[in-house]
Amino acid sequence: MFVPLGLAAWLVFAVPLTGAALTPVFAKVHESLRDAMAVLVGFVTAFIALDMVPEMLASPSSTDIVLLRWNVVAGHVIDFGVLVDPLSVLLATIAGGIGSLIVLFSVGYMTGYDEDGNLVKDPALTRYYGFMQLFIGGMILLVMADNLLMTFIGWEVVGMCSYALIGFWHNRAQPSPVPEYATEGEYNAACGMKAFMVTRVGDIGLLAGILLLYFITGTFNYTEILETAPTWVGGLTSLTLGLLPIAALLVFAGPIGKSAQFPLHTWLPEAMAGPTTVSALIHAAAMVKAGVYLVARLVPIFLEVFTSVASLMVFFQTVAWIGAITAFMSATMALVQDEIKKVLAYSTISQLGYMFMALGATGLVAEGVAAYTAGTFHLLAHAIFKALLFLAAGSVLHAVQSKSMRDMGGLSREMRVTAATFTVGALSLAGVFPFIGFWSKELIFEALWHGEQYPLFAVAFITAILTAFYTFRMVGMTFFGEKSQHVRDLEAHGHHVHEAPPVMTVPLVLLALAATVGGLFELAFFGFFSGVRTGEAVHFDWSHLAPFSLGVTTLFTVVVWGVGIVPAYLIYFRGGYDFSRLKTGALYRFLVNRWYINRVYHRVFVDGYLWLSRALRDRLEAGLLASGEDVARGMARVSRGWRRTMTGVLNTNVLAMMLGIVAFLCIVLFL
Amino acid sequence: MVLPLQLSDLLQALTAPIRDVLVRFVPEQWMGSLPALTLVLFAVLALLVGRHVNPLPVSLLGVVLSAVTVVTLDASTYGSSFGGLFVRDAFSDFFIYIILIVAVLVLVSSTLYGGDKGPYDFLLLTSMAGAIWVVMATDLVGLFLAWELMSTPTYVLTALGPHRGAVDGAVKYFVMGMMASALMLFGIALVYGVTGSTELATVAQTLNTMSADPTVAPTMSPTVLLAVVLFILSFGFKTGIFPGWMWVPDTYSTADGSVTAYLAGATKKTGVSALVRILMVGLLVSQLEWTLLLVVVSIMTMVIGNVLALAQKNIMRMLAYSSIAMMGYLFIGLAAGTEFGLAAAIFHAFIHALLKTTAFILVWAMAVRLRKVITYDDLVGLSERSPLAAALLCLAVLGLLGVPVTGGFWSKLFLFQSAVEADMWWLALIGALNTVFSLGYYLRVVRSCYMAAPTRDDTVALARGPLIVSVLAMLVATVLAVVPGLVFDYALVAARAVMG
């Protein structure tokens, strides 16, 4: 609108990346300048991203703009450019828009007061703001990139920033929440490491998949892969035909890691160790959305290829079922969490599962476009309400100085704005009419039901009930019911729980507004998405998608409210029921221990690895080292011995040359 | 190569006035040889000027003007000279650029030389003119003459080293050089005897018809093969390959370092160029046989260079052995015998010229500064005593190793790839294994510079000239790591000019 589209598509990630690089410079000038610039960069980014939206809404299209051409060697050219289409603009808007609100929120959140009531800033805030901007920039780079290689670069930037920010408080001296580590700082650092390592497992698959795809298609560029599909699909040999599904699955390994899907979901709950703003960024705007984005980006391509390569079915099946398993599993885990952020973390994993379910179903149902829309719309919805929930939770944490919901309760009287906005987010998450989550979840239900994917639908339905239950359990435990001992202790010490400052509540209100009315833009969303480029064979027809359609599945949604919310209300708002007996039950332990998956991983991959490496060191490496040393010593001896023959005596040299003639003649004449 | 070809167009347009002047005043028969003739002219000037002052500016001007004539005079129009005895084409131009680049590096670093600079520059420039003629020669007699013009000054130059050992090394070089010349003459005589011509194109044609004739073929083939062996030996002598490599470490380590840099950077490469022309143009009929020989040469040279480099303490000697090993890698590409292989080989020559010249110049600058033979112990703590020199030296060494910080990565990759494509994967494997060996001495340099605890902490202030040209050379080498196509695409054109 104000900025030309071609320029905006570059600026939108160049600005935060530059901001990140300049943060230390601003910090040298003054701390406040640094904070102000971070907020400014955030809002400029958000402005540029939002600026692209009207243009996209008016004329949905897909444009590939090449800026840099890397001419490696004759014929091998890699273009670096941006792809401006509704999907990339949507994600850039989410990352920039929500990211900017989070940065603004940080200004309030990352400060505290000491005993004398003086404002205390975290001393490492330069690092914080630098990485926050880099995080946003990397995420936008990832989504704007027009080729897999550049996406991968952004992907890794995001991964690195997540590591740095989750472990941000790496030198806190308070006791660690888990017994394995001495201090909280060590625990935080380990959590950052865990996020990095676990996602890295998927990244390796992604890189291998990208290279395989390049080997098969001859290009990294999304548009080119799609447009030249008839050519390269026609040229598939039996080898590449067999490799194609493998490549697709390997690429999906990246999203499994980044978006915390089973079996690589274990890092996300630990990622709560970082500041809450970071959690909000990871969950709502960046990082976990990257995986969904990549799948959404590739689904039209694979759909096109799917028409002639039937074996790609395995890709869609895998995506849908990984999503389904994850959604259900993490919803059950969320039921028993005591920490408010942990509940939110598991719910993120679960909601991401919904998105993958829908995106995977795109290839399974007749109305692929409906499933695709459902997945991407849920992505938008989740970004809004999850950012809201996290920031509101941050506000609560800030007030009560504790992570556990057992230390909260009855806060709605003191923190009216926070409680109200949090409830809006919760209603949205639970899928209550008319909040945005209702519409997106309804779309998913509809796509699965009408696509006759009944097993998937059943999982989605049960998960929705669980979601509604744990969401209102969380609301009840935090804001309603009796005040906890902890809160009363605080009050007894004169620390009255109070509402957060405006710098924190303004983002909350804005997000709550978006969550309330966002669903009404469903029609606009459909029109917006008609610009996503699809192939020749599989053409998405967005025009006949009916918005706001209520039908059979709405009944199911109503059932969800009844079965999910009502018990939660009775138990946690009203109180008076005692379920502590359940805490000794096997099911509780099973859920609290996260289905023992974490423990099994630890046994197999950590302990097993250590065992293996120790065994290898003692049995194999000692011998190899010895023989390796022998080889080295032998070579040195050969070298020294040979060197002794290098007398430098001229006669020998000439003789050697003459002998060379004879030897060469023998070779050419007799061999 | 999109950029440099356009760049050369641009330069040609810019220098068009110079071209017009040259076309008007220079005899047409001299045009192709102007780059060399310019150098000869300025060699004489340098000798005159050098009687009173340092002739470096004059010499550099000569090199620059020589480069201008290469750029402005299009090889396809003004390439031929002296009745077709010396002809410029894409292939020779590629090597002329190598020679001129090395010339600049060597001349600037020659400020380290303590003696009389006039004769020094005169000899260097004359030798360079000879080197240019060598890569242009299309006739065996012309080639021989150019070869002697190039070689003779270097015999004197190597003897100019600061220590008595230099004379020793020079004598070895001289005696073996003379022998190589004799063998070369003998080979030329054999070729003339069989074909009745010394002009390479005619030789190729005659041999082709003869080999098709069953009555002549059996009698001529042993003679031609003997000539092949003699050529590989005599040109390989200068290139420092098996079996004529033995003078290399002695002479390289005792001579003035700048001269060593010139020998390693430029004259070495002319041997490659001459061999390529003779084998791939003139004696193409016996490709089967010379391929076999080149494989043997390649393997032996790699092994000799790498194994013996391991035991060296003197860095100059280590670098000398390493440059022997590098020629072994280069011959992989020649043995592959494909256009791609040849392009990879001359690309490797280009990269090697940059890296090895830089390394020799830096080590020599240190040797002059510290007044001693540089060993690994002298490198200890260099990262603090002279950070820039340490960084450049390590970058050059890592580049030689093939780490993707310089174009050396690509050249090695292309060489191995060419071997694999020619169904000689085992040759590529041997090359790769040899690269592993080379870790043993290259990484020692890096370890000494950066990891060993420093024993002294006084700074080593190296002369500015050598440092500046080293920075420039490494800059180019690093850029080539990102866009190898800049030079490699041109190397492909050059290779096509010979093979096509």
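The values are calculated or read from the model by the stated rules, or taken from the named source; none is laboratory data. None of the values given here were measured: they were computed from a predicted structure. Using ideal geometry, Cβ is built from the backbone for each residue, glycine included, and neighbour counts are taken over all protein chains shown.
Here are the numbers for the structure shown:
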item: Whichever residue in the stretch A:56-75 is within 14 Å of chain B (Cβ to nearest Cβ) and of a type outside the set (Phe, Trp, Tyr) and, among such residues, is surrounded by the most Cβ atoms within 10 Å (Cβ to Cβ); result: A:VAL73
item: Criterion violated by A:ILE565 - all others in (1) farther than 30 Å from A:GLU452 by Cβ; (2) surrounded by 13 or more Cβ atoms within 10 Å (Cβ to Cβ) satisfied; result: (1)
item: Number of positions in the stretch A:222-258 that are surrounded by fewer than 17 Cβ atoms within 10 Å (Cβ to Cβ) and either of a type in the set (A, V, I, L, M) or under 22 Å from the mean Cα position of the chain (by Cα) (or both); result: 3
item: Pick from the stretch A:259-300, criterion more than 8 Å from the chain's Cα centre (by Cα) and of a type in the set (S, T, N, Q), ranking: surrounded by the fewest Cβ atoms within 10 Å (Cβ to Cβ); result: A:THR266
item: Only one of B:ILE241, B:ILE232 that is buried (at least 24 other Cβ atoms within 10 Å of the Cβ) and outside any helix (DSSP H, G or I); result: B:ILE241
item: Within the stretch A:423-495, helices (runs of 4 or more DSSP H) holding 2 or more residues that are of a type in the set (Asp, Glu); result: A:436-450, A:485-492
item: Condition broken by B:VAL171, with the remaining ones in (1) aliphatic (A, V, I, L, M); (2) free of Cβ contacts under 8 Å to residues at least 40 places away in the same chain; (3) under 30 Å from B:VAL493 (Cα atoms) satisfied; result: (3)
item: Only one of B:THR111, B:THR158, B:THR154 that is at pLDDT below 90 and part of a helix (DSSP H, G or I); result: B:THR111
item: Residue among B:LEU107, B:LEU200, B:LEU143, B:LEU123 that is more than 19 Å from the chain's Cα centre (by Cα) and buried (at least 20 other Cβ atoms within 10 Å of the Cβ); result: B:LEU200
item: Filtered residue count, the stretch B:417-436, keeping only those that are crowded, with 19+ Cβ neighbours inside 10 Å and more than 19 Å from B:SER323 (Cβ to Cβ); result: 6
item: Condition broken by B:ARG447, with the remaining ones in (1) of a type in the set (D, E, K, R); (2) crowded, with 22+ Cβ neighbours inside 10 Å; (3) without any contact (Cβ under 8 Å) to a residue 24 or more places away in the chain satisfied; result: (2)
item: Any hit, the stretch B:288-311, residues being touching a residue at least 40 places away in the same chain (Cβ under 8 Å), over 20 Å from the mean Cα position of the chain (by Cα) and more than 11 Å from chain A (Cβ to nearest Cβ); result: no
item: Given (1) within 14 Å of chain B (Cβ to nearest Cβ); (2) over 22 Å from B:ILE232 (Cβ atoms), index of the condition A:VAL668 fails; result: (2)
item: Residues (away from chain A (no Cβ under 14 Å) and exposed (fewer than 15 other Cβ atoms within 10 Å of the Cβ)) located in the stretch B:167-197; result: B:ALA189, B:GLY193, B:GLY196
item: Lone qualifier among A:SER530, A:SER484 - being modelled with pLDDT under 80, under 26 Å from the mean Cα position of the chain (by Cα) and over 23 Å from A:LEU388 (Cβ atoms); result: A:SER530
item: The listed residue being aromatic (Phe, Trp, Tyr), under 17 Å from A:GLY137 (Cβ atoms) and within 14 Å of chain B (Cβ to nearest Cβ), out of A:PHE47, A:PHE80, A:PHE26, A:PHE43; result: A:PHE80
item: Enumerated helices (runs of 4 or more DSSP H) restricted to the stretch B:1-67, each holding at least 2 residues that are within 14 Å of chain A (Cβ to nearest Cβ); result: B:2-14
item: Selected residue [surrounded by 12 or more Cβ atoms within 10 Å (Cβ to Cβ), assigned to a loop (DSSP other than H, G, I, E, B) and small (Gly, Ala, Ser)] from A:GLY608, A:GLY531; result: A:GLY531
item: Single match in A:VAL53, A:VAL12, A:VAL44, A:VAL39 (criterion: of a type in the set (Val, Ile, Thr), out of contact with any strand residue (DSSP E or B) (no Cβ under 7 Å at 6 or more places or on another chain), closer than 25 Å to A:PHE220 by Cβ and surrounded by 16 or more Cβ atoms within 10 Å (Cβ to Cβ)); result: A:VAL12
item: Checking B:ALA201 against (1) without any contact (Cβ under 8 Å) to a residue 60 or more places away in the chain; (2) away from chain A (no Cβ under 14 Å); (3) farther than 20 Å from B:MET150 by Cβ; (4) not hydroxyl-bearing (Ser, Thr, Tyr), the condition it does not meet; result: (1)
item: Residue within the stretch A:372-388 that is in the same structural domain as A:MET504 (by TED's automatic domain parsing), within 19 Å of the chain's Cα centre (by Cα) and either surrounded by fewer than 24 Cβ atoms within 10 Å (Cβ to Cβ) or not in a helix (DSSP H, G or I) (or both) present; result: yes
item: Options B:TYR441, B:TYR490: the member that is in a helix (DSSP H, G or I), within 14 Å of another protein chain (Cβ to nearest Cβ) and in contact with a Leu (Cβ under 6 Å, 6 or more places away or on another chain); result: B:TYR441
item: Residues (aromatic (Phe, Trp, Tyr) and under 24 Å from the mean Cα position of the chain (by Cα)) located in the stretch A:170-213; result: A:TYR187, A:PHE196
item: Cβ-Cβ under 7 Å pairs, at least 6 apart or on other chains, the stretch A:374-395 side under 20 Å from A:THR505 (Cα atoms), far side of a type in the set (D, E, K, R); result: A:ALA383/A:LYS289; A:ALA393/A:LYS341
item: Every pair of residues 6+ apart whose Cβ atoms lie under 7 Å, when the first sits in the stretch B:335-350 and is within 26 Å of B:LEU475 (Cα to Cα) while the second is part of a helix (DSSP H, G or I) and charged (D, E, K, R); result: B:PHE340/B:GLU421; B:ALA349/B:LYS269
item: Residue satisfying all of: in the stretch B:359-403; crowded, with 18+ Cβ neighbours inside 10 Å and polar (S, T, N, Q); nearest to B:VAL259 (Cα to Cα) among these; result: B:SER386
item: Pairs with Cβ under 9 Å, 6+ apart, first in the stretch A:616-636 and within 14 Å of another protein chain (Cβ to nearest Cβ), second in a helix (DSSP H, G or I) and surrounded by 12 or more Cβ atoms within 10 Å (Cβ to Cβ); result: A:ALA632/B:GLY440; A:MET635/B:VAL307; A:MET635/B:LEU310; A:MET635/B:PHE437; A:MET635/B:GLY440; A:ALA636/B:LEU310; A:ALA636/B:GLY440
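Here is a yes/no grid of residues against (1) touching a Gly at 6+ places or on another chain (Cβ under 7 Å); (2) farther than 22 Å from A:ILE661 by Cα:
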{"site": "B:GLY244", "(1), (2)": "yes, no"}
{"site": "B:THR254", "(1), (2)": "yes, yes"}
{"site": "B:LEU263", "(1), (2)": "no, yes"}
{"site": "B:GLY271", "(1), (2)": "yes, no"}
{"site": "B:ALA274", "(1), (2)": "no, no"}
{"site": "B:ARG277", "(1), (2)": "no, no"}
{"site": "B:VAL285", "(1), (2)": "no, no"}
{"site": "B:VAL295", "(1), (2)": "no, no"}
{"site": "B:MET302", "(1), (2)": "yes, no"}
